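The next block holds one structure in the form of C-alpha cells; read it before the comments.
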Amino acid sequence: MARCPKQRKKAVIVAVSMYLELLLYFIKLLVQYYDALEAEGAQMLEHVSSWETPIGRQLARNSFMRCIVSHGDISCTMLVRMNCRTFQKLCKLLRDEGGLRCTWNIEIDEMVAIFLYTIAHNEKNHHLQVTFRRSGETICRVIKSVLRSVLKLHSILLRKPKPDLENSDDPKWKHFKNCLGALDGTIVNVRATKENQERYRTRKGTIGMNVLGVVDQNMEFIYCLAGWEGSAHDGRVLRDALIRPNGLKVPRGYYYLTDAGYSNCEGFLSPFRGQRYHLKEWGGRRPRSTEEMFNMRHSTARNGVERAFGILKMRWAILRDTTWFSTEMVTKIVNACCLLHNFIRGENGADVFERLYIDEDPEEEPEVVDEELILHIQPSVQWTEFRQQLAGDLWAARSWATS
C-alpha cells in the first residue's frame, strides 16, 4: 500500500533530522579533539608567541645575525668574540679552505655563528635552540661540521717557530738566543665517565684534561696537544708530543722555555729550582745571584705562554667551565680554539681580551730549517753547563750598579 504525501514528508524530515544530529555530533567530536591537542601543546610550551611560527623563527634568526654583522663590533665581539670584519673573513676562509658548505635552509655565516656562540658562552643545546630558533639535531650537526672545517685549517693557522735573532732588541727575548718560544700545560675541565674519573682527576681534585701548549714570541700557538688525562705528568705529555708523527719539532741548536715542572735538558730550558722564579715573588726587589737573575729573565719571557692560556680561556668559556660535550669532542674543540686564537690575533685590530697586555709587533725572522730533531727528554751535563753559563752572562750584563 503506497504512502500518502504527508507520510512521505514526515519520513524525510525524520531522516534529515537524524543526519543533522549525526553531523553536529561529529563536529562536537572534532572540537573536543582539537581542544585536547591545544591543551597538550600548552603543557609542552610555557607560552605561545609569534616566534613559534615559521616566519617568526626566520625573523628571529635574521635579527640575531644582524646583531653580529650589522650592529657594530661591540655586539659582534660580545656574541662571537671577534669583530665583524674578522667574522666575515673567517666565514670566507672556512668556505674556501675548510670546505664548509651551506645547506638548503642555513647559510655559512649562521653556521659559523652557532659554533662560535657555543664555544664562547658554553651554552647547552636547549639554550641554543631558543637563541637560534633551530632544532637540536640541526645544532649538533652544524657544530660538528664547522669544527671539522676549522681543524682543516691547522696548516694555515698554526704558526711556524722562528728563533730570536742575535740583534733582537725585544727586552723579553733578547737574552735567549735561538729560543723558539715557550711551552706549558693547563687543565681543561671535562665530563668523564664514571669508570674514567680517577684517570682524569687532577692534583687539585677536579676532573680535567691535560693540554700542552707551545707559543712563539707573539703569544701565538705553534703546537697544541690535548686529550691526556688530568693525572698525567707534564713530562709524560711532552715526551708523547715529541714522538708523534706530526708532533712537536725541536731542531738541535734551538730550544723552548719551560717551567720547573719539566726537566732541564737539550731543547728545553727550565729555571733553577729552589730560587725565586715567578714575577710576583720579586716584589720590586732585585736579584741577588746569578740563579735569581736567570730565573727573573726566564720568567719574564716564559710568561707569554701563561698569558696566551689566560686570553684563550677568557675568550672561550667552554675551556674554563665543564661542558656537556664528550671528552673526544672537547679534545677537538681545544685545538680549534687555539687555531681561532691565532686567527683573531692576526686579524683583530683591537680585541677586548688583549687590551690587558702589551701588543708587540714581531720583526721578520727566518724560519728554522734543521733535519736533525730532538726526540727524547734526557738531562745532560752539557745542557746544565749551558744554563749556568747563560745565567752568568745575564748576571754580568745587569744594568744596575753592584754593591
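The values are calculated or read from the model by the stated rules, or taken from the named source; none is laboratory data. Everything numeric here is computed off the predicted structure, so don't read it as measured data. Counting neighbours? That spans all protein chains shown, and the Cβs are built from the backbone with ideal geometry, glycine included.
Tell me, which residue of the stretch 203-219 that is in contact with a Pro (Cβ under 9 Å, 6 or more places away or on another chain) and of a type outside the set (Val, Ile, Thr) is nearest to residue 191 (Cα to Cα)?
Applying the first criterion (in contact with a Pro (Cβ under 9 Å, 6 or more places away or on another chain)) to the stretch 203-219 yields 214, 216-218.
Then drop every residue that is not of a type outside the set (Val, Ile, Thr), which leaves 216-218.
Working: 216: 31, 217: 33, 218: 32 Å.
Checking each candidate, the answer is 216.
Please enumerate the residues belonging to the stretch 312-326 that are surrounded by 16 or more Cβ atoms within 10 Å (Cβ to Cβ) and assigned to a helix (DSSP H, G or I).
Those that are surrounded by 16 or more Cβ atoms within 10 Å (Cβ to Cβ) and assigned to a helix (DSSP H, G or I): 312, 313, 315, 317, 318, 319.
Regarding residue 106, is this residue among the hydrophobic types (A, V, I, L, M, F, W, C), within 17 Å of residue 315 (Cβ to Cβ) and either surrounded by fewer than 17 Cβ atoms within 10 Å (Cβ to Cβ) or outside the structural domain of residue 336 (by TED's automatic domain parsing) (or both)? Spell out how you get there, then give the answer.
On the way: among the hydrophobic types (A, V, I, L, M, F, W, C): yes; within 17 Å of residue 315 (Cβ to Cβ): no; either surrounded by fewer than 17 Cβ atoms within 10 Å (Cβ to Cβ) or outside the structural domain of residue 336 (by TED's automatic domain parsing) (or both): yes.
No: the conditions fail for residue 106.
Collect the residues in the stretch 208-260 that are part of a loop (DSSP other than H, G, I, E, B) and in contact with a Ser or Thr (Cβ under 8 Å, 6 or more places away or on another chain), keeping them in residue-number order.
First pass over the stretch 208-260, keeping only residues part of a loop (DSSP other than H, G, I, E, B): 216-220, 230-233, 244-250, 252-254, 258-260.
Residues satisfying the conditions are 230, 231, 258, 259, 260.
Any idea which residue in the stretch 211-246 is surrounded by the most Cβ atoms within 10 Å (Cβ to Cβ), counting only those that are closer than 30 Å to residue 194 by Cα and touching a residue at least 60 places away in the same chain (Cβ under 8 Å)?
Let us first name the residues in the stretch 211-246 that are closer than 30 Å to residue 194 by Cα, namely 211-213, 224-241, 244.
Now drop any that are not touching a residue at least 60 places away in the same chain (Cβ under 8 Å), which leaves 211, 213, 224, 226-227, 235, 238-239.
Working: 211: 26, 213: 23, 224: 22, 226: 23, 227: 19, 235: 16, 238: 24, 239: 14.
Going through the qualifying residues, I end up with 211.
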